[in-house]
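Taking it in order: structure first as structure tokens, then the write-up.
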Amino acid sequence: MSLQSKLPDVGTTIFTIMSRLAAEHHAINLSQGFPDFEADPSLILAVSEAMAKGHNQYAPMPGLPDLNVAIAQKLNSDYGWMPDPEMEITVTAGGTQALYSIIGAMISQGDEVIVLEPSYDSYIPSVVSFGGVVKTVQLQPPLYKVNWDEVESLITSRTKLIMINTPHNPCGVVLEHADLSRLEEIVVKHGVYLISDEVYEHIIFDGHQHQSILRFPELYKRSFVVFSFGKSLHVTGWKTGYVIAPSELTRELRKIHQFNVFSVNRPIQQGVAYYITHHADFAALSGFYQDKRDLFLKLMSGLPLKFLPCYGSYFILADYSQVSSLDDRTFAELLTIEGGVATIPLSPFYKNGSDEKIIRFCFAKKENTLMEAADRLKRYFSR
């Protein structure tokens, strides 16, 4: 019997490839999306104390009750929405595991999913692995606005899900109130379901407001909303996220979740529950990361790169077409090896590998890291 791959076109992710290349060539890693600064010491202490006090065995499958209550209170403060901690909140091993479990719960052979591209690289393989059929709507630079009429035109009797992401990785754009209102019309009219990836909810700039699904009650009735403490607490390696969904959808999600990871790291849940109740200041994240974005752009001024608008997330895109005709992956590799700065090419975020001569930078870094990256790039482009 020969092995038939469920994902024959999928290899190692571009994030792994570029981070490995950065390490091999001692490049500054502005490719993979993780901070190079430490989390609040109070958070580290809270988790350490949870371990020391013996909170080291399995947590309940849906999440630690203290954490689920703290999440409900946080969401009520942020969006005026108080989900049921027992029936509408599921703690997950990060956002990617949450997405995979949701898709596994919802998608059967032949079901269609509409994905907006460029998209985070786990979306499409997750759908395909469960036998789903992906239909894509390509967003156009530099603003990457959604053509909702095109989205609606793709809906058939087999359409099960629409997937959105705001603030957006990799584009750094955000959906506005009008976008969500139009999406609500589509979802209600056609009876489809929605996954809303909102892991960068607090990282939003220039006076924009995060338009969470939780602000739209009719839309929420058919939605799974994904969040991440990894992003909002600067601890991506802890892989701790959560899903908010109506109770009937949550029940289906948990059927998959319980056989995927069963439950998430207990001392981290214990520590995060204490921290977000007593110490966390999520409102400060917008200003914190907007300052980093502005510093990044100031440091990079004068480079022959055209930086695209960035209204959220900790990523920014740059068009390099004025300086090179190389494809984006080759250009990113060259910049890593010869320029000493690693970025991510945009083409892997497209199903068809569309090459727009655009690369992605992560600016969630220390000031010194960004300064050194800018110096290296200026030396490289001035050769």
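Values in this text are rule-based calculations from the coordinates and carry no lab data. Please read all numbers here as calculations on a predicted model, not as lab measurements. In this analysis, Cβ positions are derived from the backbone assuming ideal geometry, glycine residues included, and neighbour counts consider all displayed protein chains.
With the cut-off at 29 Å, tell me which of the pairs 239/351; 231/255; 189/357; 135/221 have Cα atoms farther apart than that. Could the numbers behind the result be given before it?
Numbers: 239/351 26 Å; 231/255 26 Å; 189/357 38 Å; 135/221 23 Å.
From the list (239/351; 231/255; 189/357; 135/221), the Cα-Cα distance tops 29 Å for 189/357.
Non-local amide H neighbours of residue 117 (under 5 Å, H modeled in plane, Pro and chain starts lacking H): which ones?
Amide H to amide H, under 5 Å and 5 or more residues apart or across chains, residue 117 pairs with 137, 138, 139.
If Rh is defined by the Kirkwood formula over all Cα pairs and Rg also comes from Cα, what ratio Rg/Rh do you get for segment 4-64? Walk me through the numbers before you get to the answer.
Values: Rg = 18.7 Å, Rh = 15.9 Å.
Here the Rg-to-Rh quotient is 1.18.
Along segment 273-278, what does the Karplus equation 6.51 cos²θ - 1.76 cosθ + 1.60 (θ = phi - 60°) give for ³J(HN,Hα), rounded to whole Hz, x for Gly and Pro?
Once rounded to whole Hz, the list reads 4, 5, 5, 6, 7, 10.
P(r) of segment 159-268 in 10 Å steps, Cα pairs, percent per bin?
Pair shares across the bins are 13, 42, 34, 11, 0.
What percentages, rounded to whole numbers, describe P(r) for segment 122-218 computed over all alpha carbon pairs with 10 Å bin width beginning at zero?
14, 48, 34, 5, 0
Counting chymotrypsin sites (Phe, Trp or Tyr not before Pro) as exposed when in a DSSP loop with at most 15 other beta carbons within 10 Å, what is the longest stretch of the chain free of them?
Longest run free of exposed loop sites: 59-261.
Excluding same-chain residues fewer than 8 positions from residue 298, which lysines have a Cα within less than 20 Å of its Cα?
The reachable lysines, counting only those whose Cα sits under 20 Å from residue 298, are 306, 365, 366, 378.
Over the chain, with a Gaussian network built from C-alpha contacts below 10 Å, which listed residue (251, 182, 266) shows the highest mean-square fluctuation?
182
Around residue 96, with a cut-off of 13 angstrom between Cβ atoms, what is the net charge of the other residues, counting Lys and Arg +1 and Asp and Glu -1? The partial results should precede the final answer.
Details: positive: 231, 239; negative: 121, 197.
Result for the local shell: 0.
Classify the chain as rounded, prolate or oblate, taking a ≥ b ≥ c as the square roots of the eigenvalues of its Cα gyration tensor: rounded when a/c is under 1.5, otherwise prolate if a/b is larger than b/c and oblate if not.
Oblate, since a/c reaches 1.5 and b/c is not below a/b.
At a Cα cut-off below 13 Å, give the aspartates and glutamates reachable from residue 160, other chains included and same-chain residues fewer than 8 away excluded.
Here the aspartates and glutamates satisfying the reach criterion relative to residue 160 are 111, 112, 152.
Provide the net charge surrounding residue 283, with neighbours chosen by a C-beta distance below 13 Å and charges set as Lys +1, Arg +1, Asp -1, Glu -1. Present the calculation step by step, with values, prior to reporting the outcome.
Numbers: positive: 74; negative: 78, 201, 281.
With Lys, Arg at +1 and Asp, Glu at -1, the net is -2.
Just 49, 333, 198 to compare: in a GNM of the chain, with alpha carbon springs under 10 Å, which one fluctuates most?
49
For all pairs of alpha-carbon atoms in segment 57-278, what percent lies in each bin of width 5 Å, listed from the first bin to the last filled one?
The percentages, shortest bin first, are 1, 7, 15, 20, 21, 17, 11, 5, 2, 0.
Quick check: residue separation of residue 58 and residue 181 times 0.36 nm, minus the Cα distance between them. What number comes out in nm? Don't skip to the answer; put the middle values down first.
On the way: separation 123, 0.36 × 123 = 44.28 nm, distance 4.07 nm.
Extra length from residue 58 to residue 181 when fully extended: 40.2 nm.
Of 276, 16, 223, which is farthest on the positive side of the dipole of the chain, counting Cα position, with +1 on Lys and Arg Cβ, -1 on Asp and Glu Cβ, and the Cα centre as origin?
Looking along the dipole axis, the top candidate is 16.
Work out from phi, with θ = phi - 60° and the Karplus expression 6.51 cos²θ - 1.76 cosθ + 1.60, the ³J(HN,Hα) of each residue of segment 223-233, listed in order in whole Hz, and give x for Gly and Pro.
10, 10, 10, 10, 10, 9, 6, x, 6, 7, 10
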